[in-house]
1. Set Lys and Arg Cβ to +1 and Asp and Glu Cβ to -1, take the dipole of the chain about its Cα centre, and tell me which of Leu18, Ser89, Phe163 lies farthest positive.
2. Could you check the simple spin-label distance between Ala283 and Arg233, using points 7 Å along Cα→Cβ, in nm with one decimal?
3. To the nearest 10 degrees, how steep is helix 219-284 against the longest Cα principal axis of the chain, on a 0 to 90 scale?
4. With every protein chain present, what accessible area does Asp116 have (1.4 Å probe, heavy atoms only), rounded to the nearest 10 Å²?
5. How far apart, in nm, are the 7 Å Cα→Cβ label points at Leu159 and Arg216?
6. Using only the alpha carbons of the range 1-156, what is the convex hull's orientation-averaged projected area in square nanometres?
7. Using just the C-alpha positions of the range 203-248 as equal point scatterers, what log10 of I(q)/I(0) does the Debye formula give at each q in 0.16, 0.17, 0.22, 0.23 1/Å?
8. Under a point-charge model restricted to the Cβ atoms of Lys and Arg (+1) and Asp and Glu (-1), what is the dipole moment magnitude of the range 207-269 relative to its Cα centre, in debye to the nearest 20?
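The values are calculated or read from the model by the stated rules, or taken from the named source; none is laboratory data. Computed from a predicted model, the values in this text were never measured in an experiment. Glycine gets a Cβ as well: all are built from the backbone with ideal geometry, and neighbour counts include every protein chain shown. Accessible surface is based on the protein model in full, side chains and every heavy atom, while ligands, DNA and RNA are left aside. Shrake-Rupley method; radii C 1.70, N 1.55, O 1.52, S 1.80 Å.
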Amino acid sequence: MLTAYGLVGNRLAALPDLPTDSRLARWIDLRTPTLEEEQAVEALVGVAIPTAEDRRPVEESARLYRDNGALVMTAVVITGVSEGRPIRSRVTFVLTATTLVSVRYIDPLPFRQFIDRAQHLPTDETAADTLLVGLLEAILERAADVLEQVAADLDDVSLRLFFKDEDTNRRRPSEEQMQALLRRLGRKRRIGTLLRESLLSFERLIPFLAEHTGPRLTTDCHTRLNLVLRDIRSLTTFEGQMSEEITYLHEATLGLITLAQNQIVKVFSIVAVLFLPPTLVGAIYGMNFDGMPELKWAWGYPFSLLLMLISALVPYWWLRRKGWL
């Protein structure tokens, strides 16, 4: 789908058709474009739109380059967090002197929010360079929100693992709940990994943009880009700390599961130890040899029951003395 935005009156608005003059289109948004739409935009701005194969390499030279005076920049954007299925996708920005072209195959929340916001910007903030800076800020804001959500979720996992709610007398999570927490941590780890990759791509993109736009970029945009770059580095550090916390909580959850399983094995081992002597006594008196004097004794049956009870109590007393119970 191709949507071109230009000035209608004093505001940025969607144009009914792709204009024939690139100066009339401040922003052209290509969302899952067809071949005909890509060719039409290429003819308008005079720059080749990278294909999906062109955008796949991870080398910086393949993602950030100049083409016929325009800047072609590809970055990784994460989407699907709200839906519970986070994925990565590559978004390409083509910036000419008059027009910004964005090529994407996803519909992330920052784009939807910025499209609504851009249509209320004053005229002096609708230049292609300024629109790109605003879009980068929107993407970064969303990344910060996602990291805050992950941090809050990790706090909840930590409370469930290590703290007991005295008001509700809530017990520690069961083994099934522990397994659910492991899956939950795995999802948070995936989100963190995708965010780290996305932040790294934008950390490379912004210096490239600032360097090659030169004096064309306003002082305000330079300042905003520096703030975005600083925030990206802060978020990268924050993500690293959360990654370490996820690793710790993952190991702690596995440790608690192992302790619970060992406790079950311990109970069965103690029960086996307690019942082993009575079983031995019962086996002896179950042989029915003629030479056994207790077989003819009237108190033989109560005596064997008492002997089995004592043989069970003695190991129990010994285990308690050792502190194993």
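1. Projecting each Cα onto the dipole axis, the largest value belongs to Phe163.
2. Modelled inter-label distance: 7.4 nm.
3. Here the helix axis deviates by roughly 10 degrees.
4. About 100 Å², rounded to the nearest 10.
5. In this crude label model, Leu159 to Arg216 measures out at 5.1 nm.
6. If I average the Cα hull's projected area over directions, I get 10.1 nm².
7. Each listed q maps to, in turn, -0.52, -0.55, -0.73, -0.76.
8. The dipole of the range 207-269 has a size of about 40 debye.
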